[in-house]
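The values are calculated or read from the model by the stated rules, or taken from the named source; none is laboratory data. The shown structure was predicted, so the numbers you read here are calculated from the model rather than taken from an experiment. All Cβ positions, even for glycine, are placed from backbone atoms using ideal geometry, and neighbour counts span all protein chains on display.
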There are 4 protein chains.
Amino acid sequence: MGNTFGHLFRITTFGESHGGGVGVVIDGCPPQLEISAEEIQVELDRRRPGQSKITTPRKESDTCEILSGVFEGKTMGTPITILVRNQDTRSQDYDEMAVKYRPSHADATYDAKYGIRNWQGGGRSSARETIGRVAAGAIAKKILKIVGGVEIIGYVKRIKDLEGVVDPNLVTMEQVESNIVRCPDAECAERMIEKIEQIRREGDSIGGVVECVARNIPKGLGEPVFDKLEADLAKGVMSLPASKGFEIGSGFAGTLLTGSEHNDEFYTDENGEIRTVTNRSGGIQGGISNGENIILRVAFKPTATIRKEQRTVTLTGEETLLAGKGRHDPCVLPRAVPMVEAMVALVLCDHLLRQQGQCGVLKA
Amino acid sequence: MGNTFGHLFRITTFGESHGGGVGVVIDGCPPQLEISAEEIQVELDRRRPGQSKITTPRKESDTCEILSGVFEGKTMGTPITILVRNQDTRSQDYDEMAVKYRPSHADATYDAKYGIRNWQGGGRSSARETIGRVAAGAIAKKILKIVGGVEIIGYVKRIKDLEGVVDPNLVTMEQVESNIVRCPDAECAERMIEKIEQIRREGDSIGGVVECVARNIPKGLGEPVFDKLEADLAKGVMSLPASKGFEIGSGFAGTLLTGSEHNDEFYTDENGEIRTVTNRSGGIQGGISNGENIILRVAFKPTATIRKEQRTVTLTGEETLLAGKGRHDPCVLPRAVPMVEAMVALVLCDHLLRQQGQCGVLKA
Amino acid sequence: MGNTFGHLFRITTFGESHGGGVGVVIDGCPPQLEISAEEIQVELDRRRPGQSKITTPRKESDTCEILSGVFEGKTMGTPITILVRNQDTRSQDYDEMAVKYRPSHADATYDAKYGIRNWQGGGRSSARETIGRVAAGAIAKKILKIVGGVEIIGYVKRIKDLEGVVDPNLVTMEQVESNIVRCPDAECAERMIEKIEQIRREGDSIGGVVECVARNIPKGLGEPVFDKLEADLAKGVMSLPASKGFEIGSGFAGTLLTGSEHNDEFYTDENGEIRTVTNRSGGIQGGISNGENIILRVAFKPTATIRKEQRTVTLTGEETLLAGKGRHDPCVLPRAVPMVEAMVALVLCDHLLRQQGQCGVLKA
Amino acid sequence: MGNTFGHLFRITTFGESHGGGVGVVIDGCPPQLEISAEEIQVELDRRRPGQSKITTPRKESDTCEILSGVFEGKTMGTPITILVRNQDTRSQDYDEMAVKYRPSHADATYDAKYGIRNWQGGGRSSARETIGRVAAGAIAKKILKIVGGVEIIGYVKRIKDLEGVVDPNLVTMEQVESNIVRCPDAECAERMIEKIEQIRREGDSIGGVVECVARNIPKGLGEPVFDKLEADLAKGVMSLPASKGFEIGSGFAGTLLTGSEHNDEFYTDENGEIRTVTNRSGGIQGGISNGENIILRVAFKPTATIRKEQRTVTLTGEETLLAGKGRHDPCVLPRAVPMVEAMVALVLCDHLLRQQGQCGVLKA
């Protein structure tokens, strides 16, 4: 259970790292939306392994096929199924992992919960599972763009202690994609790349923070009191592999201010629109979007699987040592960017449909 | 929409700050659980306004009545409804707020979304809404205690820049309740109290961080990939009023470590149980509890309503000034502690029932 | 679990026949709808015991109170809670039933499932539970009327073997309410009333069929393939106490026709609207409303509790005899009419909101 | 929306009659269940077109592939995806249907709702969609058999006015499968087959009634008040294509009896188990299974697509005539049997998991 997300724009992902394939069923997509496998592939390619020298060298083209829901290039309002077949599965890399638990990985908890696990890889806990999310996110992004001109841009804000300087209100997708680490601060990006290469050589791994902005947001999205917009966003990104923290707007740093410093004062702009001078709320007040940019951050821990030797136990509890094999990312952040964007898009699209209804939304 | 939380232990809260009352319907509580209004009242009293000199002086006894679901002191497996009538509603305090939006409050977004709002107070966005959560949390806590000996202890970890030293593995409820700010570090607590009193005198407000630990957790709770335990915990606490950030285990700080520093190495304890040497995972790996203590933190912003004058606009967009009236907490943290505990209890109880089924669970 | 119904217009009912009271929380009602306790009371009075000589003489005024969600006579988009306190609970009538299972009642299954039961009456399985449904249905009806001019009229079609002649396309609420058995065929109604009085004198009970029509239905309601409109209608009415069967359109009788006899041929009406000549589909094709009148029927069994002596067993399995006490309806049909209407209204309203979205719907 | 069914054992079906394929994702299947594509294929073959002279001659092998969720022949607790590729799609048969609405088919309502439709066939409204249900039902059946020895047997009870004599308490799967019409009354089956062949020659179609029994049911399944077992069963089978009515136990006929005739008296059997003498309740009382056999009936209308010429309109509303082409079943009943069994199995399995929890259920 737990493989379905969303209330009106609802996705169900499936698949493990090894086996037939991975994918997603999207239920609730409005009809008459033009969509092609090529458009979805663009996002999948941003998530794909082997895309640069700082990601895993695992080579998978991750080519997607649309199995249902689209006819003559348009959605029909029926479930859209997207499938990516698995390839290049060197399961011999995992022989040792079949009997030894990787520290801070999901091996031990999956065994405890299910009593069975595909030891040939991460199984369902592999980041490969996020292919379905990113594919669905591509469609959510397109709906948001058509209906409200919403744009969602994620980027690497920090790698370990290297923090980029980025203005979320102005950052562009071109800036993000201009380097392989996906940090729009070009100078900092270079240092990040060096750092990741160095850590990979050491057989170790590092983490960091992805920041994401959503712009041109309609007012009124979010359903208090439990389905507040920030609550659903938090759930969405905290369900991504390796995420350890979530912030909206001022986040933890905001707790160091007084109310008079923190509050976003109101004014009326030239169009008569009520706006806020500052945006420490991160675009959400009382769980409902206020039309300002939505800004959030997600902490990703260093990759669990490392080449350095660590203490662990076998399935039967005997203490042993393990040096991870397989081909893993020394830092998940560059590939986590499209995953965060996807989850943000899915949550916003779901709330948009809750507001506007399911059919005809694209005519509005 | 959005007022229901949970999949098998499911609560629906209702009510506004002004009007007939607030409360909760709990659906899915196992039968034959002994429960009394008095036990629930204990938790409500920890959340109650007017409980100390550092909370709002608003005087409400918040006395609860069990309307359904309990017969001769025991639950019947039918929906449990708990009602707290509203009292002491000085709506004249809100006359000015009827026409002026309070900065960083939910006034403007509720108007934008619903086109109507109870201007006599916070309405549904008032912290008063959390009464239903805390009442339901009291029952969830009891189930968790009976079934698995689970105990959930929240406390104030930080007020603005004053941070207490607390060991989550050892902290007791007695230590938490030994002072009015609910920080188990007694010395720090005193400074926190002084700080809050000072900020109140200044007509301003402050925020901070609540930390919460859940101990004696069964292995195997959590449903990947979307209903991972940390994802549901994040949603739960991020739906609380004034929350701006969430961390599990090492959180944002963990991103400053390398994988070899961050990973929790395994060992086998004296009972043959597989355990981790450290607990940077915060008790959850791959979205599933591993039996270690669950440790999380929630950032709460400074209270939005302050006495200090701020710039704002009227309902019709005219710029004006507003100095908040009404009786508000200068710092929500002490009263937020039982709210965080309640949300953690609700999530854990829901996942426990998903694991064990709905009926007969209390016999196990 | 299982006390919540609906996806976007979602109700949760609570309460037992004995105890504090019964009621409902409605989540998802659009804001700015004018609604009063008096309007809701009108529907509750149609369901109320003691309303006529052919219903139970149990005297309860069933006066409702709106606890939340309404401000100055209008809905706020927040959960609406409606409470009816219990009165006149002569639990001594139930002393014998505390130890003997009533045949074809829910006593034994509740005990088997929950291991506990309020023996002072039907508890949660009492028809009293439907108060919450009827109250919520009153609001759903109002929304449907405002948005699309939808009108929902239920009536008694058959009592045992006495079947009325009624044209669902023309029947009026006035005709239904013109007699106490709620059969618009006045002549047949008289014979039905006589029959019910006779059966009551005999200490026995009878059942029958309620038919319900919904007119002025917008095209396009229903969400294939599982939330087809007839599937949700079936679930709604089959969750009513004592219901044993459901038909949409031609129902079981339609299976005696050939396809060429059964199919509803299309034509274009004077407004250029595509219509069907006949309506054996009952207003739904492929799970989606086609704009024709929705017509359905529900079978209700004879009331289980009767005065006539029957064989049964005690809680401990000893065989014994039981002659029901308490004040029960000899025939539930007249009071089932508003219950069926309520469930139909709830389903249609939920699907209307799925189509149109949650907010602003009432402006359209 | 609406393509997901179930609460803990949750299926999402996808696919249209023409396009890449059809299938299902099953979320919530307990781990460690042995399952093979061959076992699933057995059920799919019972549903397959072209299986006999009285079904459509459309030739599709409907061979299934398990894409995820199974490792070394066992379920892993992760989503199970089953895919059947489409073949033999003679879309030229549908040229005329692209511009003319088939009476009593879903063409017109899909166009009204979605504004787009795969005119190459039934699209999503095709009975082909039920492949996913039947595949998932095969797994649900296996779980039910392992855990409680539950067996589910459907059969054709009536074709038009030809009604078989069958004892639901004794009928065997072998009897059902001993003839191509799936009526265990062998003599009646012959007449049914003749009737179907005759009606096919006439270019017409007929309907009938499927009866289904579930035996060895544990007591206590069902979640009042909305998720009563009969309510979920009704929703399940009324979501099947062409279904027009549902009955549980005595159904509509039961309304002709008095309470004293209808009630199921209790007795204690030789094992000390509380049982009922008769079973007019159909195995469910108060929405909860009582351990007796669950017996239900579903009415299926005559197939909408017929060769006989009928009046209809074009997409633009012009009146015209249509004689259906394509290869359609003259009577859906024989192939509807495994579909009804599947829906019953899915509902029972879902409620079993709600009772027993998700993991470890197969060890019990």
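Worth pointing out:
- The number of residues in the range C:13-25 that are touching a helix residue (DSSP H, G or I) at 6+ places or on another chain (Cβ under 8 Å) and under 15 Å from C:ILE66 (Cα atoms) comes to 5.
- Per-region count, the range B:30-79, residues part of a loop (DSSP other than H, G, I, E, B), within 30 Å of C:ALA98 (Cα to Cα) and not charged (D, E, K, R): 12
- Filtering the range C:161-178 to residues that are over 18 Å from C:ARG48 (Cβ atoms) and part of a helix (DSSP H, G or I) leaves C:GLU174, C:GLN175.
- All of D:ASP167, D:ASP161 fail the test of being at the interface with chain C (Cβ under 8 Å from one of its Cβ atoms), more than 30 Å from C:ARG307 (Cβ to Cβ) and at pLDDT 95 or above, apart from D:ASP161.
- Considering A:LYS145, A:LYS113, the condition of being of a type outside the set (Gly, Ala, Ser) and within 11 Å of chain B (Cβ to nearest Cβ) is satisfied by A:LYS113 alone.
- A:CYS188 passes every criterion in (1) more than 14 Å from chain B (Cβ to nearest Cβ); (2) touching an Asp or Glu at 6+ places or on another chain (Cβ under 8 Å); (3) closer than 23 Å to A:ARG327 by Cα apart from (3).
- Restricting B:GLU65, B:GLU43, B:GLU39 to residues that are in contact with a Pro (Cβ under 8 Å, 6 or more places away or on another chain), on the phi < 0 side of the Ramachandran plot and modelled with pLDDT of 90 or more narrows the list to B:GLU43.
- Residue within the range C:283-290 that is β-branched (Val, Ile, Thr), farther than 30 Å from C:ALA112 by Cβ and facing chain D (nearest Cβ under 7 Å) present: yes
- Failed condition for D:ARG90, given (1) of a type in the set (Lys, Arg); (2) farther than 20 Å from D:VAL337 by Cα; (3) at pLDDT 95 or above: (3)
- Odd one out for A:GLU177 among (1) away from chain B (no Cβ under 11 Å); (2) in contact with a Leu (Cβ under 7 Å, 6 or more places away or on another chain): (2)
- The conditions of being surrounded by fewer than 24 Cβ atoms within 10 Å (Cβ to Cβ), in contact (Cβ under 8 Å) with a residue 12 or more places away in the chain and at the interface with chain D (Cβ under 8 Å from one of its Cβ atoms) are met by C:VAL209.
- Output for the range C:299-332, where each listed residue is more than 23 Å from C:GLY123 (Cβ to Cβ) and crowded, with 23+ Cβ neighbours inside 10 Å: C:ALA299
- Every condition in (1) outside any helix (DSSP H, G or I); (2) within 21 Å of C:LEU162 (Cβ to Cβ) is met by C:PRO334 except one, and the failing one is (1).
- Only residues that are basic (Lys, Arg) and at the interface with another protein chain (Cβ under 7 Å from one of its Cβ atoms) were counted in the range B:69-85, giving 1.
- Hey, A:ALA127 without any contact (Cβ under 8 Å) to a residue 24 or more places away in the chain and within 13 Å of another protein chain (Cβ to nearest Cβ) or not: no
- Remark: D:GLY132 falls outside the filter, which requires a residue to be touching a Ser or Thr at 6+ places or on another chain (Cβ under 6 Å), within 14 Å of chain C (Cβ to nearest Cβ), in contact (Cβ under 8 Å) with a residue 60 or more places away in the chain and farther than 29 Å from D:GLY357 by Cβ.
- Test: residue in the range C:305-327 that is touching a Lys or Arg at 6+ places or on another chain (Cβ under 7 Å), assigned to a loop (DSSP other than H, G, I, E, B) and at pLDDT 95 or above: no
- Selection count where residues are small (Gly, Ala, Ser), touching a helix residue (DSSP H, G or I) at 6+ places or on another chain (Cβ under 7 Å) and within 23 Å of B:CYS64 (Cα to Cα), scope the range B:128-170: 6
- The residue that is farthest from the chain's Cα centre (by Cα), among those in the range A:212-228 that are surrounded by fewer than 21 Cβ atoms within 10 Å (Cβ to Cβ) and within 11 Å of another protein chain (Cβ to nearest Cβ), is A:LYS219.
- Residue match in the range B:179-196 (condition: assigned to a loop (DSSP other than H, G, I, E, B) and out of contact with any strand residue (DSSP E or B) (no Cβ under 9 Å at 6 or more places or on another chain)): yes
- In the range C:23-51, the residue that is farthest from the other protein chains (Cβ to nearest Cβ) out of those that are hydrophobic (A, V, I, L, M, F, W, C), buried (at least 20 other Cβ atoms within 10 Å of the Cβ) and within 16 Å of the chain's Cα centre (by Cα) is C:LEU44.
- Residue match in the range C:41-62 (condition: under 30 Å from D:GLY357 (Cα atoms) and either touching a Leu at 6+ places or on another chain (Cβ under 8 Å) or small (Gly, Ala, Ser) (or both)): no
- Inclusion of B:GLY254 among residues that are over 24 Å from B:PHE5 (Cα atoms), part of a loop (DSSP other than H, G, I, E, B) and at the interface with another protein chain (Cβ under 8 Å from one of its Cβ atoms) is not warranted.
- Checked against (1) more than 7 Å from every other protein chain (Cβ to nearest Cβ); (2) closer than 20 Å to A:LEU296 by Cβ, A:GLY249 passes all but a single condition, namely (1).
- Any chance C:ALA336 is surrounded by fewer than 24 Cβ atoms within 10 Å (Cβ to Cβ), under 27 Å from C:ARG102 (Cα atoms), of a type in the set (Gly, Ala, Ser) and more than 8 Å from chain D (Cβ to nearest Cβ): no
- A count restricted to the range A:229-246 and to residues that are facing chain B (nearest Cβ under 7 Å) and part of a loop (DSSP other than H, G, I, E, B) stands at 1.
- Residues of the range A:198-228 satisfying the condition of being assigned to a loop (DSSP other than H, G, I, E, B), under 15 Å from A:SER289 (Cα atoms) and not basic (Lys, Arg): A:ASN216, A:ILE217, A:PRO218, A:GLY220, A:LEU221, A:GLY222, A:PRO224, A:VAL225, A:PHE226
- Filter result for A:ILE143 (under 20 Å from the mean Cα position of the chain (by Cα) and touching a residue at least 24 places away in the same chain (Cβ under 8 Å)): yes
- Pair list, Cβ under 7 Å, 6 or more apart: the range B:247-261 residue of a type in the set (Phe, Trp, Tyr) and modelled with pLDDT of 95 or more, other residue crowded, with 21+ Cβ neighbours inside 10 Å and in a loop (DSSP other than H, G, I, E, B): B:PHE252/A:PHE252
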